[in-house]
Structures are given as structure tokens and as C-alpha cells.
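Trainee: Below are the C-alpha cells for one structure; questions will follow.
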Amino acid sequence: MSRTSRRELLRHGGALLAASSLPLSVVEVAYGQGSEQNFTFAYISDSHITQVKGNEFVRNWDRGLIRAVAETNLLDPKPDFIFYGGDIAQLGKPAEIDHGLEILAGLSGDVHYVMGEHDYYVDLGDYWRKQLGPDHYSFDHKGVHFVVLNSILTHEAWMHQKWETGMQRMKQMARLDNPSGQPFMVGEAQRNWLRKDLRKVKKETPIVVLSHSPLQKIYKGWNFWTDDAEQVQALLQPFGKVTVLYGHVHQIQTNQIGNISFHAAMATAWPWPYPATYRQQNSYLPKLTVEMNRADPFFERDATGWQFIDMHSGRTDVSYLLPDNANRVVAFDESVGHPVDQTDYAEAGRKSPLQHY
Amino acid sequence: MNLKIKIRATSIAAICLVGLSCPVLADEFDNADLERWQMEYMAVVEEGEKLFHGGLGNPNTVSCDQCHPNAANTHPETYPKFQQQLGRVVALWEMINWCLQNPLETEMLAADDPKLIALQAYITEERKGVELEPGKH
């Protein structure tokens, strides 16, 4: 880390450093030092609550979400609200969604929800929407325009073909490496809604978009991908400061495309390999990404976690907090115009645990 | 070799030399054989692919592919290796058994269990072309 960026971190990140002993991730949106408009929010994603039978659920995934909720409640300063990034459930069963929401009900603060494919494909989101409301919406908070999209839709013909059961359709979608998998998309209807929604937003207003899948193309084989990503990006590019936060990939990813900064969330359930480790296919991991350490399977919370977001100057600094892996801060650097990993090894060379193969 | 057997072996060799029908020799195979052997192998790979994607029937329903899509991050080419968490050198099948007992919360399989062979066939097939590096962490 250069002297300048270290000073910047100390100046802007005092609260972050204090909180970074917690395994969590926070996002800060700030308007400059000392501004009353600065705020933080927490971001929890991908819990994959799995029903075994009756009241029995997979212990490991329960524990990840329980831990994230407990740690979020310890944040000081208290985040203004919490985002949940999708995939509460593994197979979208009402019992799984209910059990996940029961754990999330322990959060002190308002929660905004994003739809994941594991919540959706059994009943096309009916139960989720019944419990949580619309799957795409926007709101304003302290001068920032927040937009939530349902980015895990796919071809209408595939979704509405004659399935024997909704669970059969879910199981097709729930398999990440399904060779006959379908690509995620936001779709024309939501893109039209977004175009209309953004009409009332000033070009200098910071925008934060939340989606489950990356609104960029990284690896289609695992749906680290949204088919109409470029069309959604085009709607966002006219604005000066845009951040896209997404789940689904269960790992740290960082990117900058034009005016749009991208940050992925870790899962509370389990980590995923980076796509390049599947040697049979090409993938496109953004160069700005500093990969998280290789997970140690013997520590079941390793490489899982959550994030808090610190918003300042309308930019997002994302703190990734991991129980058994190095905590990370990826902050927007105005001097280079993109997010930069603030840990020393981002610039001083990669440590062995960062080398995935 | 007794005399009787020696005479018989000599006469078989003599028959083969004059081009008459003779038993298949151990090192004789043709494309049809290769195709059949590949089919046999791929059938086991496919069985492994099913087991890997939820086919093990473990009560908690957690499947291998949830953490390892396309068997990525399993590193079959690095085994046997010193598995520092276990404190000894292990083969890939022992790590698979570790996964069965821990995240999958089920019984381990015997080393020669066809299911364990099939899982290894699938995992290794997905990693085909990667250089062998036993011992690499």
C-alpha cells in the first residue's frame, strides 16, 4: 500500500478498522469527512438454508446465517439498514424461506431483500413475494438512490414450459454447473421499469444497484453472468457514481466498468472456487479482483462471511469480514477511479494462500 | 516346465507361424477394444457425476457440487499429499471420505467401493490435462 492510500484509509476508515475485528462486511457511502450524510449499511447474502425434514435443517448453513446476524447487531456505528442479497433458501421451500426469515428477524434494523434463483424457481417467486413484497423496487436514502433488481430471470419459454413439478424446474436451476443451465437476465420489462425509475434521478446522484447475479459477464457456465448485463449497464452509465452490489458468486470480486463499480458478496453458507480453477473452460475474472485466500475446508466458516458498506462521497467502501480468513477492505480510490483492495498484499505481491489453481 | 507342456507350447507357436487360427495374445488390441474400454470408463465417470451431484442419498442432502462445481478446487493432481489438517500423507479417496463424514454428515465408503471409484473417476476426468503434481499444497 502506498503512503497516500494508507493515510486515506486511516482518515476515512477509522470506524472500519475498529470494526474489522468482526467477521463481517460493511459498506460505507460517504459524502466527505464529517458529513452528516455519511452512512453505512450491512450486506448479508447466500445463506442457502436447507430443510432436511420437518424442523431439521442443515446445521452448517444455519450457523453461518446465525453468526452473520449476531455480528451485524454488534456493529458500531449501527448501520442504517441491512441488505439481504438473495438465496435465503436452497430449494425455495416455504419451510426454508420461513426458517431463514426467522433467523434474519434477529437483526436490529430494517432489511431490504433481493431475490435469488434458489428462492425463485420452485414457484416463480410467489412465496418469497408473499412474505417480502415486490422483487424489484427503488428508494432514496440520505441522497443516494437505491435500486433492487430481480436479475435471475431467464427465457420465458424455458420458465413456463410444461414442468411436472416446480421442484423439477428448481433442481435444474439449483445445480450451478448444469450443462443445460439457462442464463440469468433482468429482462425487458424490468429494464423498461429501470429506465423510467431513473428518469427522476439527477445525474450527480449516487446510485447503488443490488442484484443477485453479477450485472457483468464473468463465467457463463456457473451463471457468474447476466445475459443482458450490457443493456442494464448502458442505463446506468449516464450517472456519475454508480455501484453494483451482487451475491450469487460466494466470493470476493471487484471491477470497474466506466462509471460503475462492482463488488460481490461472500456467502454465509460456503465459498465457491474462482471460475479459472475449472480448467476446461475460459472465464473472465475482472483484473481488479484480489482473490480471497483459498478456503480451508476443515474450518467450516472459512471463506464465508458478510460485508458492511461505508458510503462516502457517494462511493462505496466494502469491508469483507471473514471468521477464519483475512478480513479485507476494497475502497474506491478517487486518484485511480476504481475500487482498490486496501490490504498490503494488493500491491506488494500475492501470498501463497491467494494462489488458486 | 515339464516336457509335455513344452511340446504343447512349441506346437501352438508353430501353428501361429503358419497363419492358422491361434489364441488372442495379451498385447493384441484394436480400435474396437479401445472404444469399449473408453465406454466402460465413461460409464463410471457418468455414475460419478450423478453421485457428485446429489446422488449419494445422504440424509442431510448436501452434495459435493455445492462446494465444488465441475469438481473445481478438489485438486486430484496433487494427491497423495501431506494433508496438514490430518497430519499425514493421504490419497484423494481419503479426502472424499472426509467430505462425506463432515459437510455431508454421512458414512464413509470403503476404498474399493464402486461409488468411491466413480467419484474419483469424475473428479479426475474434470481435471484432465492438468499436470500431475503429487505433494503440492
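Just so you know, all these numbers are worked out from the coordinates, no wet-lab data involved. What you see is a predicted model; the values in this text were computed from it and never measured. Methodologically, a virtual Cβ is constructed for each residue, glycine included, from the backbone with ideal geometry; neighbour enumeration extends over all protein chains shown.
Trainee: Order by neighbour count: B:M108, A:M115, B:M95, fewest other Cβ atoms within 10 Å first, most last.
Mentor: The order, fewest Cβ neighbours first, is B:M108, B:M95, A:M115.
Trainee: If the label point is 7 Å along Cα→Cβ of B:Q85, which residues in segment B:46-63 have backbone nitrogen under 16 Å from it?
Mentor: B:63
Trainee: How much FRET efficiency would the formula 1/(1 + (r/R0)^6) give for B:K136 and B:E35, where r is the Cβ-Cβ distance and R0 is 51 Å, rounded to 0.05?
Mentor: Approximately 0.90, to the nearest 0.05.
Trainee: Before anything else, pin down the relative contact order of segment B:28-126: Cα pairs under 8 Å, at least 6 apart, normalised by residue count, whole percent.
Mentor: Relative CO of segment B:28-126 lands at 36 percent.
Trainee: Specify the angular offset, from 0 to 90 degrees and rounded to the nearest 10, of the alpha carbon long axis of helix A:3-12 from the longest principal axis of the alpha carbons in chain A.
Mentor: Compared with the principal axis, the helix lies near 70 degrees.
Trainee: How many nm separate the modelled label positions at A:D126 and A:E334, each set 7 Å beyond the Cα in the direction of the Cβ?
Mentor: 5.2 nm
Trainee: Can you pull out the trypsin sites (Lys or Arg not before Pro) in segment A:73-171 whose DSSP state is coil and whose Cβ has at most 10 other Cβ atoms within 10 Å?
Mentor: For trypsin sites (Lys or Arg not before Pro) across segment A:73-171 that sit outside H, G, I, E and B with at most 10 neighbouring Cβ atoms in 10 Å, the list reads A:K162.
Trainee: When only C-alpha pairs under 8 Å and at least 6 residues apart count, what is the relative contact order of segment A:89-151, in percent?
Mentor: 30 percent
Trainee: By the scheme Lys and Arg +1, Asp and Glu -1, what is the net charge of all other residues having a beta-carbon under 11 Å from that of A:G109?
Mentor: Net charge in that neighbourhood comes out at -1.
Trainee: Relative to the first principal axis of the alpha-carbon coordinates of chain A, what is the inclination of helix A:188-199, with its axis defined by its Cα atoms, in degrees from 0 to 90 and to the nearest 10?
Mentor: Between the helix axis and the principal axis of chain A, the angle is about 30 degrees.
Trainee: How much mean residue ellipticity at 222 nm does chain A get from its helices, if each DSSP H run of length 4 or more adds -39500 (n - 2.57) and you divide by all residues, to the nearest 500 deg cm²/dmol?
Mentor: Mean residue ellipticity, 222 nm, calculated: -6500 deg cm²/dmol.
Trainee: Hey, what angle do you get for helix A:94-104 against the long axis of chain A, alpha-carbon based, 0 to 90 degrees rounded to 10?
Mentor: 20 degrees
Trainee: Here is a follow-up. Shape of chain A from its Cα gyration tensor (a ≥ b ≥ c, root eigenvalues): rounded if a/c is under 1.5, otherwise prolate when a/b > b/c, or oblate?
Mentor: Rounded shape, in that the Cα axes give a/c under 1.5.
Trainee: In straight Cα distance, which aspartates and glutamates are under 20 Å from A:K200, not counting same-chain residues fewer than 8 positions off?
Mentor: A:D140, A:E188
Trainee: Sticking with this one: Give the residue list of trypsin sites (Lys or Arg not before Pro) in segment A:278-357 that are DSSP loop and have at most 12 other beta-carbon atoms within 10 angstrom.
Mentor: A:K287, A:R350, A:K351
Trainee: Still on this model: How about A:K217: which lysines have a C-alpha closer than 26 Å to its C-alpha, ignoring those fewer than 8 places off in the same chain?
Mentor: A:K171, A:K196, A:K203, A:K241, A:K287, B:K128
Trainee: So, in Å, what gap is there between the alpha-carbon centers of segment A:158-214 and segment B:40-63?
Mentor: Cα centroid to Cα centroid, the span is 30 Å.
Trainee: In addition: Excluding B:Q66 itself, what net charge comes from residues whose Cβ is under 12 Å from its Cβ, given Lys and Arg +1 and Asp and Glu -1?
Mentor: Result for the local shell: -3.
Trainee: Among A:E230, A:E56, A:E71, which one shows the biggest mean-square fluctuation in a GNM of chain A, springs joining Cα atoms closer than 10 Å?
Mentor: Residue with maximal mean-square fluctuation among A:E230, A:E56, A:E71: A:E56.
Trainee: While we're looking at this one, here's another question. What spacing in nm lies between the two simple spin-label points modelled at A:F298 and A:H155, each 7 Å away from Cα in the Cβ direction?
Mentor: Going from the A:F298 label point to the A:H155 one covers 4.7 nm.
Trainee: Next question. Please find the FRET efficiency linking A:R199 to A:Q37, where r is the Cβ-Cβ separation and R0 is fixed at 25 Å, and quote it to the nearest 0.05.
Mentor: 0.60
Trainee: Between A:N282 and B:A43, what FRET efficiency follows from the Cβ-Cβ distance if R0 is 35 Å, with the result rounded to 0.05?
Mentor: So, using R0 = 35 Å, E works out to roughly 0.75.
Trainee: Moving to a separate point now. As an exercise, find the ratio Rg/Rh for segment B:21-80 from alpha-carbon atoms, using the Kirkwood inverse-distance average for Rh.
Mentor: In segment B:21-80, Rg relative to Rh is 1.22.
Trainee: Please tell me the relative contact order of chain A in percent, rounded to the nearest whole number, where contacts are Cα pairs under 8 Å and at least six residues apart.
Mentor: Taking the mean separation of contacting Cα pairs over the length of chain A, I get 22 percent.
Trainee: Continuing with this model, one more query. GNM on chain A, C-alpha springs below 10 Å: top fluctuator among A:M159, A:M311, A:M173?
Mentor: A:M159
Trainee: Using a Gaussian network model of chain A with C-alpha springs under 10 Å, which one of A:S151, A:S261, A:S108 is most mobile by mean-square fluctuation?
Mentor: Among A:S151, A:S261, A:S108, the largest GNM mean-square fluctuation belongs to A:S108.
Trainee: Less than 17 Å apart at the alpha-carbon level, and either on another chain or at least 8 residues along: which lysines does that give for A:K78?
Mentor: The qualifying lysines are A:K142.
Trainee: Further, regarding this structure: First check a/c for segment A:226-357, with a ≥ b ≥ c the square roots of the eigenvalues of its C-alpha gyration tensor; if it is under 1.5, answer rounded, and if not, answer prolate when a/b is larger than b/c or oblate otherwise.
Mentor: Taking the square roots of the gyration eigenvalues as a ≥ b ≥ c, segment A:226-357 is prolate.
Trainee: Once you have the Cα-Cα distance between A:R59 and A:K142, take 0.36 nm times their residue separation minus that, and quote the gain in nm to one decimal.
Mentor: 26.0 nm
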